[in-house]
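Report on the structure given below.
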């Protein structure tokens, strides 16, 4: 501290380190105040209170809105919905002699609500029951979601590979192209999938196209940056050797850079693919196809047993996916 | 084949790496460039394939003067063995060698690694000449030993049927027995193809053993130029006198 002081002090007078000073305390107080304001804005305080109430209510003390919500969902969610039951009269080209596999007919009462007179009417009709019909439907939707993730990844690679090369400092044709490509990539990266999907649903209508393109646009920004950084970090020696023997830049890229970077590229693409499938399950909520659309529809109808089936399928798929990709990664290295 | 006419090279910091060098290396000669570290060996060599530009003077390969316009033609006629080899570690031995042919094949063929069968045969022949075996052919270069990698680098330098092969310290990191055998491979390949070899070394005994001609540089200038037989003990010790303290090559036990 006193290095400017010519005079050397006795060691008993040396200034030692003090952990608690008034300045530190003031700073701590300020941080505490700012955090408190921010926590209040985000209802962290309420979360503590409500969770505490829920815990008390669980052991029989008082009432809790959180616990009520969970119980309401839980009560209707189980048993989960696996079969599908449809009124025969609502089915087009229904053939009594050619029922789907495992399906059977059942007599029952169909209730209908008339909003004009505010009355319920009931009729005796026949239902077609498919024992695993709903599960089947959900699995098909889940498969569609996986396909969305897959094509999102493929299109993302198609966008990010050329852009990544243009955005690597040593292979860009010009500094301006470099800046432009980097800018473009970060622009793609900066737009969250859900927001892109909202716009694309407006443009392309409901369905998986919007979802696939939303995934492709966002992740190409991420992937392109990865690609470019890997190219820039490739060892320069072999590139110089091939370049000085007269090979063009693209060929040098193919022979001296690509063999070096492709294991890393594969790992990135795999991660992006996994992430895309997880994201694709949510995209349906804004109407961009996949299982999210079914989830949103059932949720709005309070069909929590159907919702439970969907959640279960999504959960199992994601777990399986993680497991599979871990195996794949091990075999790739 | 290779001419230097009063060539100079001055680096930005004022170092005169190559100072008024004039040399004529005829076709088919195995010429070794000797000199202590920092004598300008690598600079002289890098001027030939355009990695370093001469500050003044002229460099000519055959009938082509070295300039921007001729650079790519000259690069195709020159094979280079780098000091750190610069093989592509994750590429197979065969494709490392064939990579020397990249300027000659079409882009889309190069993308799918579809080299003509004759080229592949030629690569095999070269690999055989430098002492590689069939089992090495499709192994990754990173799986080879240092000596084997050196041989692959030699094969790569010869694959484009160059007029001149430049070798920058080709045995710098090898043990004596391996060095001898690698230099022998280099010399055999050069003989077989009638290629001029311009090779820097810092082991004097190898130079005396393998060179047709020795050119010694000291502080950027030619200090000795002639056949190995004309290089007497005094010249040898003078050559390394001004270098940083390191074992004198003449006093090294011949391995």
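Bear in mind these aren't lab numbers, they're just calculated from the coordinates by the rules spelled out. All of these numbers come straight from a predicted model, not from anything done at the bench. With ideal geometry, Cβ positions are generated from the backbone for all residues, glycine too; neighbour counts draw on all protein chains shown.
Observations on the model:
- Choice from B:135, B:161, B:187 with maximal GNM fluctuation in chain B (Cα, 10 Å cutoff): B:135
- Fewest-first ranking of B:112, A:231, A:165, using other Cβ atoms within 10 Å as the exposure measure: B:112, A:165, A:231
- Pairwise label distance in nanometres, residue A:40 with residue A:14, each label 7 Å out on the Cα-Cβ vector: 4.7
- Residue-averaged beta-carbon neighbours from other chains (10 angstrom radius) around A:233-240: 4
- Between 0 and 90°, nearest 10: helix A:258-283 axis offset from chain A longest Cα axis: 40
- Mean projection area, nm², convex hull over Cα of chain B: 14.1
- Over the protein assembly as shown: Kirkwood hydrodynamic radius from C-alpha pairwise inverse distances, Å: 31.4
- A straight line joining the Cα centroids of the range A:200-226 and the range B:187-219 runs 61 Å.
- The range A:134-332, Cα convex hull volume normalised per residue, Å³: 114
- Cα centroid of the range B:99-167 to Cα centroid of the range A:1-78, whole Å: 65
- Listed from fewest to most Cβ neighbours within 10 Å, the set A:150, B:30 follows the order A:150, B:30.
- Prolate/oblate/rounded call for chain A, Cα gyration tensor, a/c under 1.5 rounded: oblate
- Estimated [θ] at 222 nm from DSSP helical runs (n ≥ 4, -39500 (n - 2.57)) normalised by residues in the protein assembly as shown, nearest 500: -16500 deg cm²/dmol
- Relative to the longest principal axis of the Cα atoms of chain A, the long axis of helix A:22-41 lies at roughly 20 degrees.
- Averaged over B:153-160, number of beta-carbon atoms from partner chains that fall within 10 Å: 1
- Computed over the range B:178-235, the convex hull of the alpha-carbon atoms projects to a mean area of 4.4 nm².
- The mean number of partner chain beta-carbon atoms within 10 angstrom of a residue's beta-carbon across peptide A:256-265 is 3.
- Rel. contact order, % - alpha carbon contacts under 8 angstrom, at least six apart, chain A: 18
- Remark: C-alpha extents of the range A:1-125 on the principal axes read 109, 38, 34 Å, sorted largest to smallest.
- Span from the the range A:148-162 Cα centroid across to the the range A:230-244 one, whole angstrom: 26
- Likely footprinting exposure, A:40, B:3, A:10, fewest C-beta neighbours within 10 Å first: A:10, A:40, B:3
- The simple spin-label model puts a point 7 Å past each Cα toward its Cβ; for residue A:186 and residue B:24 those points are separated by 6.0 nm.
- Considering every alpha-carbon pair of the range A:122-187, the percent of pairs per 5 Å bin, from zero through the bin containing the longest distance, is 4, 14, 13, 11, 9, 8, 7, 6, 6, 5, 5, 4, 3, 2, 2, 0.
- P(r), alpha carbons of the range A:22-77 - 5 Å bins starting at zero, rounded %: 4, 18, 15, 15, 12, 10, 9, 7, 6, 3, 1, 0
- Per-peptide packing, taken as the mean over residues of other Cβ atoms within 10 Å, places A:282-289, A:70-77, B:140-147 in the sequence A:282-289, B:140-147, A:70-77 from highest down.
- With coordinates expressed along the principal axes, the C-alpha atoms belonging to the range A:84-131 extend over 40, 19, 16 Å, beginning with the largest.
- Converting the Cα gyration tensor eigenvalues of the range B:91-136 into ellipsoid dimensions via √(5λ) gives semi-axes, longest first, of 20, 10, 8 Å.
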